[in-house]
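Okay, structure first, notes after.
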Amino acid sequence: MILTKKLITIKKLRAQTSMEFVILTGFMLVAFLVFYIVIQAKLVEANRDVTDKAAMQIETLVVNEITVAESVTDNYYRKFELPQRINGIDYQVKIMAGVGNMPEIVVKYSDKERVYFVPQVFVNNSSTVSKGWNNISKVGGIILLRNSS
């Protein structure tokens with residue numbers, strides 16, 4: 001009888017230990033998954049920020065080229081290059097007529113679009129800019145951008 005009680009107590013202790021192990025393992029698994037999801041969300045956010053900054057740099061490059069062309073005398077000519085991809089992501093860049101003849105530089109990538117209005121600059125309406133090599137010139141006070149590929 002005493003031996004049977006000891007065996008029952010030992011079996012209950014083993015069952016309790018097994019149950020504690022399963023609960024602890026489950027808790028650790030949930031904690032690990034939450035940690036993993038938070039880290040992944042931060043990495044995705046950081047990658048988006050890097051891509052946004054790269055798109056802003058492309059926009060700034062085009063704006064700077066237009067600003068330089070505006071500030072110099074006529075018969076200005078220069079070649080500049082835009083990268084083929086932004087942080088491994090395909091993109092499009094356009095110059096469009098904006099409000100009151102102010103040109104807009106539009107950079108589209110992923111599901112986003114960045115628009116920059118270039119104030120008080122006379123850019124030819126047929127100007128285009130794209131990935132790769134581009135030419136910018138100023139003739140007669142009008143700036144013209146063309147893809148040179």
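The values are calculated or read from the model by the stated rules, or taken from the named source; none is laboratory data. Nothing here was measured: the structure is a model prediction, and the numbers come from that model. Cβ atoms come from the backbone with ideal geometry, glycine included; neighbour counts cover every protein chain shown.
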> touching a Phe, Trp or Tyr at 6+ places or on another chain (Cβ under 8 Å), at pLDDT 85 or above and more than 25 Å from Val44 (Cα to Cα): does that describe Lys131?
Replying inline: yes
> From the residues in region 39-70 that are among the acidic types (Asp, Glu) and touching a residue at least 24 places away in the same chain (Cβ under 8 Å), which one is surrounded by the most Cβ atoms within 10 Å (Cβ to Cβ)?
Replying inline: Glu65
> Residue check, Gly98 against (1) without any contact (Cβ under 8 Å) to a residue 40 or more places away in the chain; (2) at positive phi; (3) in contact with a strand residue (DSSP E or B) (Cβ under 9 Å, 6 or more places away or on another chain), all met but one. Which one?
Replying inline: (2)
>> Looking at Tyr76 and the list (1) in contact (Cβ under 8 Å) with a residue 24 or more places away in the chain; (2) out of contact with any helix residue (DSSP H, G or I) (no Cβ under 7 Å at 6 or more places or on another chain), which single condition is not satisfied?
In response: (2)
> Residues that are among the acidic types (Asp, Glu): which strands (runs of 3 or more DSSP E) entirely in region 59-149 hold 1 or more of them?
Replying inline: 76-82, 103-109, 112-117
>> Can you say whether Glu81 is acidic (Asp, Glu), more than 19 Å from the chain's Cα centre (by Cα), modelled with pLDDT under 90 and closer than 23 Å to Asn124 by Cα, as far as the supplied structure shows?
In response: no
